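Structure, as structure tokens:
The values are calculated or read from the model by the stated rules, or taken from the named source; none is laboratory data. Predicted, not measured: the structure shown is a model, and the values here were computed from it. With ideal geometry, Cβ positions are generated from the backbone for all residues, glycine too; neighbour counts draw on all protein chains shown. Note: areas computed on protein heavy atoms with side chains; ligands, DNA, RNA excluded. Shrake-Rupley method; radii C 1.70, N 1.55, O 1.52, S 1.80 Å.
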Amino acid sequence: MDKPDLLMTGPMMAMIQEQLAQRFTVHKLWEAEDRDGFIDAVAPKITAVASGSHVICGPALMSRLPNAKIISSFGVGYDHIDAAWAGQNGIVVTNTPDVLNEEVADTALGLLLCTVREFPQTDRYLRAGKWLEKPYPLSGTLRDRKVGILGLGRIGKAIAKRLEAFGVPVVYHGRSEQTDVAYRYYPTLVGMARDVNVLLIVAPGGASTHHIVNREVLEALGPDGILINVGRGSVVDEKALVEALETKTIRSAGLDVFEDEPRVPAELIAMDHVVLFPHVGSASVHTRNAMAQLVIDNLITFADGKGPLTPVVETPWPPRS
Ligand code: NAP
Ligand code: 8YV
């Protein structure tokens, strides 16, 4: 039996490449010297796409794949895919929800602790031999902190649970109030920022969240405020953030995500009072393997006619008629 043809838009984990090669004829876009010519040549036979955030899957690409029926994306965030367009054009989009909740929540707590207690700075201090001269200065604490979560979804709730265990009060903002949670809801982001001293972002990227953490929100967070971002870099106006950190409008920031990854503003890199992670929220072997398996399983169950396992909201399954 002929294998269905699959387009892989960028390099993916070895286990994804190996398992998909057993079931599909895999066409590797990133290996082609002439990518346009490559797409023209394979486009009509492509029925499935495996994708990561390395390539924008917008109408420009999808409209060239007339027989594509599924895009299986690595990661829970899929702001690199125009899922609404895909849904309107008969393509189901899948992502990798839930399997990474605990890992990203662990990372968020680690980043928060590193930022509040200055752990990376203490490590640098010791290695520089400064402990021999005098103890590291006393740091801030979680004890006097109240955390406002922007995006109390799957990961946000796993973070909130951890914060409860740490004895830290939690409130949240999203587009709508959730009736099944005990945390206080703020209908406006700026209103929440005014009432907390940690703003923790775990909301998705995309048009509706672009730069919603802006100068006004940072001013509301105030001079004792700490910004933690494990959601998407695009949620924060990074220029406004740099300015707020330089002028001490807020105290500090812990960032796992940036607007133009892997490029990070030189101003942030030069600051000693911020903590910067290279987008490692889900990056353990265990969790990346689970995400990879879900990318594979979505494609295989779909090819077997059993439908996708984890379609995104814009492309429900079975499709709305
Ligand atoms: P989720 O369950 O869909 O939760 C997203 C939350 O964001 C929801 O509570 C939603 O609440 C809120 N939200 C969505 N649009 C909003 C808007 N315009 N304004 C305010 N709130 C909004 O998603 P998840 O699985 O928790 O993942 C969240 C995000 O984390 C992903 O999309 C991804 O960008 C990021 N992420 C990062 C890493 C990393 O490595 N750093 C790893 C995994 C995920 P409402 O619907 O009520 O607005
Ligand atoms: C991944 C993420 O690092 O799932 C997400 O949305 O941001 C991370 O888990 C990313 O998708 C891999 O490129």
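Suppose we filter the stretch 48-94 for residues that are under 23 Å from Asp36 (Cβ atoms), within 16 Å of ligand 1 (Cβ to nearest atom) and among the charged types (D, E, K, R); how many remain?
So the answer is 1.
Of all residues in the stretch 210-220, which are within 16 Å of ligand 1 (Cβ to nearest atom) and open to solvent by less than 10 Å² (accessible area, probe 1.4 Å)?
Val213, Val217
Which count do you get for residues in the stretch 160-217 that are within 21 Å of Arg251 (Cα to Cα) and either of a type outside the set (Gly, Ala, Ser) or not assigned by TED's automatic domain parsing to the domain that holds Ile149 (or both)?
Number satisfying all stated conditions: 25.
Restrict the check to the stretch 149-159 and report whether at least one residue is touching a residue at least 12 places away in the same chain (Cβ under 8 Å), within 15 Å of Ala203 (Cβ to Cβ) and over 16 Å from the mean Cα position of the chain (by Cα).
The answer is no; no qualifying residue exists.
Restricting attention to the stretch 1-16, and to residues there that are open to solvent by 40 Å² or more (accessible area, probe 1.4 Å) and over 15 Å from Gln293 (Cα atoms), which single residue is modelled with the lowest pLDDT?
Met1
Since Pro311 meets every condition but one in (1) out of contact with any Pro (no Cβ under 7 Å at 6 or more places or on another chain); (2) away from ligand 1 (no atom under 16 Å from the Cβ), which condition does it not meet?
Against the list (1) out of contact with any Pro (no Cβ under 7 Å at 6 or more places or on another chain); (2) away from ligand 1 (no atom under 16 Å from the Cβ), Pro311 comes up short only on (2).
Looking at (1) buried (at least 18 other Cβ atoms within 10 Å of the Cβ); (2) on the phi > 0 side of the Ramachandran plot, which is the only condition Gly90 fails?
Gly90 satisfies every listed condition except (1).
Testing Asp272 on (1) open to solvent by 10 Å² or more (accessible area, probe 1.4 Å); (2) part of a loop (DSSP other than H, G, I, E, B); (3) in contact (Cβ under 8 Å) with a residue 60 or more places away in the chain; (4) within 12 Å of ligand 2 (Cβ to nearest atom), one condition comes back false. Which one is that?
Every condition holds for Asp272 apart from (4).
Restricting to the stretch 240-260, what's the tally of residues that are open to solvent by 70 Å² or more (accessible area, probe 1.4 Å) and either closer than 21 Å to Leu109 by Cα or within 20 Å of the chain's Cα centre (by Cα) (or both)?
So the answer is 3.
Any residue that is under 23 Å from Arg232 (Cα atoms) and buried (at least 22 other Cβ atoms within 10 Å of the Cβ) - is there at least one of those in the stretch 116-133?
Looking through the stretch 116-133, at least one residue is under 23 Å from Arg232 (Cα atoms) and buried (at least 22 other Cβ atoms within 10 Å of the Cβ).
Would you tally the residues in the stretch 17-74 being within 17 Å of Leu294 (Cβ to Cβ), open to solvent by 10 Å² or more (accessible area, probe 1.4 Å) and within 16 Å of ligand 2 (Cβ to nearest atom)?
3
Results for (1) more than 25 Å from Val99 (Cα to Cα); (2) touching a Phe, Trp or Tyr at 6+ places or on another chain (Cβ under 9 Å), shown as yes or no for each residue.
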| residue | (1), (2) |
| --- | --- |
| Gly254 | no, yes |
| Val257 | no, yes |
| Glu267 | yes, no |
| Thr301 | no, no |
| Val313 | no, no |
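Would you call Asp106 within 16 Å of ligand 2 (Cβ to nearest atom), in the same structural domain as Leu152 (by TED's automatic domain parsing) and under 30 Å from Val198 (Cβ atoms)?
Yes.
Could you say whether any residue in the stretch 299-318 is open to solvent by 20 Å² or more (accessible area, probe 1.4 Å), outside the structural domain of Gly77 (by TED's automatic domain parsing) and modelled with pLDDT under 95?
Yes, some residue in the stretch 299-318 is open to solvent by 20 Å² or more (accessible area, probe 1.4 Å), outside the structural domain of Gly77 (by TED's automatic domain parsing) and modelled with pLDDT under 95.
Pull out all pairs, ordered by first then second residue, where Cβ-Cβ is under 7 Å, the residues are six or more apart or on different chains, the first lies in the stretch 87-107 and is within 21 Å of Lys161 (Cβ to Cβ), and the second is of a type in the set (D, E, K, R) and open to solvent by less than 20 Å² (accessible area, probe 1.4 Å).
Thr107/Asp256
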